[in-house]
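For reference, the structure is listed below as structure tokens.
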Amino acid sequence: MTLKRLPFQQIASKWLKTYIMSQDDELSRYLPQTARWHPNVLFKMLKQFGSVYLKPDKGGGGAGIIRVKLTDSHRYEVRYGIRRQVIVGETTLISYLRRRMQPHKRYLIQQGIRLAHVDGRPFDIRVVLQKPRDQWIVMGMAAKVAAKKKIVTNRANGGIAATVPKVLQAGFGWRDEHVRLVEHVLNRIALRTAAVLSTRFPGLRVLGLDVGIDVRGNVWIFEVNTRPQFRLFQQTDPVRYRQIVRNQRQIVADGRKRLN
């Protein structure tokens, strides 16, 4: 649900945001299949996709995320943080996962995507939008490269910031014109996401999309944050970072005026 009494509107539930976006024909094709946690759903999706991610419905920073991979009949590889465990048997797997899930948190199951890598490490892209006045603006995008042996790219988990052209060229060998095309697609998707979510929640002023690109070059929207962190832009584009911070201060000030 939406958090209350804050300077700008926020949506904590990943499930709610995903559901709203899935109703839009343009955005739905960029969303990995996502479902609420249930053991039967887990095994169904593992059979269909081979791997899945378990994520807390609320929370950020990559905390509590678990990857489950079907390696053989009744044999599973579970990864969280830098830990890796092989589990045999469905009952044993469910018991193990429940001990690793954050207590009192509702979990989602998301289709596993084979992300592109740089130097053997997966990366994704953060796209930041702000609405300082009447229109949404894509303020910038930057890549997050996972730390060694980690399954998530978040900077809180040791992720490294990099420019989007750098990782796309290193990960795929794409030329400048192809990189610009992908950036154009990301801009379009980001603005569409802002339009769809703000139709339901008109008080939204800031969004951060976490977008993955799989090994075939397909784009996937993993998550949309309504209170994103901006610090990775300090390294990739300091000028843009300062503008984002100025906008954010204006958004917060405007919100406080409305609350008062």
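The values are calculated or read from the model by the stated rules, or taken from the named source; none is laboratory data. This is a predicted model, so every value here is computed, not measured. Here the Cβ positions follow ideal geometry from the backbone for every residue, glycine too, while neighbour counts run over all protein chains shown. The accessibility values were calculated without ligands, DNA or RNA, using every heavy atom of the protein model including side chains. Shrake-Rupley method; radii C 1.70, N 1.55, O 1.52, S 1.80 Å.
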Working only within the stretch 37-78, note down all residues that are modelled with pLDDT of 95 or more and of a type in the set (D, E, K, R). Lys44, Lys47, Lys55, Asp57, Arg67, Lys69, Arg75, Glu77
Looking at (1) closer than 27 Å to Gly159 by Cα; (2) surrounded by fewer than 19 Cβ atoms within 10 Å (Cβ to Cβ); (3) charged (D, E, K, R); (4) not assigned by the TED database to the domain that holds Val211, which is the only condition Lys55 fails? (2)
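Where residues in the stretch 79-101 are of a type in the set (A, V, I, L, M, F, W, C) and under 25 Å from Lys148 (Cα atoms), which of them is modelled with the lowest pLDDT? Before the answer, list the steps.
So the first thing to find is which residues in the stretch 79-101 are of a type in the set (A, V, I, L, M, F, W, C), and the list is 82, 86-88, 93-94, 97, 101.
Cutting the leftovers down to under 25 Å from Lys148 (Cα atoms) gives us 82, 86-87, 97, 101.
Values: Ile82: 82, Val86: 96, Ile87: 97, Leu97: 97, Met101: 95.
The qualifying residue modelled with the lowest pLDDT is Ile82.
Is one or more of the residues making up the stretch 89-103 without any contact (Cβ under 8 Å) to a residue 24 or more places away in the chain, closer than 30 Å to Pro39 by Cβ and touching a Leu at 6+ places or on another chain (Cβ under 8 Å)? If you could, list the steps in order and put the result at the bottom.
Of the residues in the stretch 89-103, the ones without any contact (Cβ under 8 Å) to a residue 24 or more places away in the chain are 89, 91-92, 95-96, 98-99, 103.
Then keep just the ones that are closer than 30 Å to Pro39 by Cβ; that gives 89, 91-92, 95-96, 98-99, 103.
Filter once more, keeping what is touching a Leu at 6+ places or on another chain (Cβ under 8 Å): none.
No, the stretch 89-103 contains no residue that is without any contact (Cβ under 8 Å) to a residue 24 or more places away in the chain, closer than 30 Å to Pro39 by Cβ and touching a Leu at 6+ places or on another chain (Cβ under 8 Å).
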Can you go through Phe43, Phe49 and tell me which one is under 20 Å from Thr71 (Cβ atoms), in contact with an Asp or Glu (Cβ under 8 Å, 6 or more places away or on another chain) and open to solvent by 40 Å² or more (accessible area, probe 1.4 Å)? Phe43
Tell me which residues, restricted to the stretch 59-88, are among the aliphatic types (A, V, I, L, M), without any contact (Cβ under 8 Å) to a residue 60 or more places away in the chain and either over 19 Å from Arg36 (Cβ atoms) or open to solvent by 80 Å² or more (accessible area, probe 1.4 Å) (or both). Leu70, Val78, Val86, Ile87, Val88
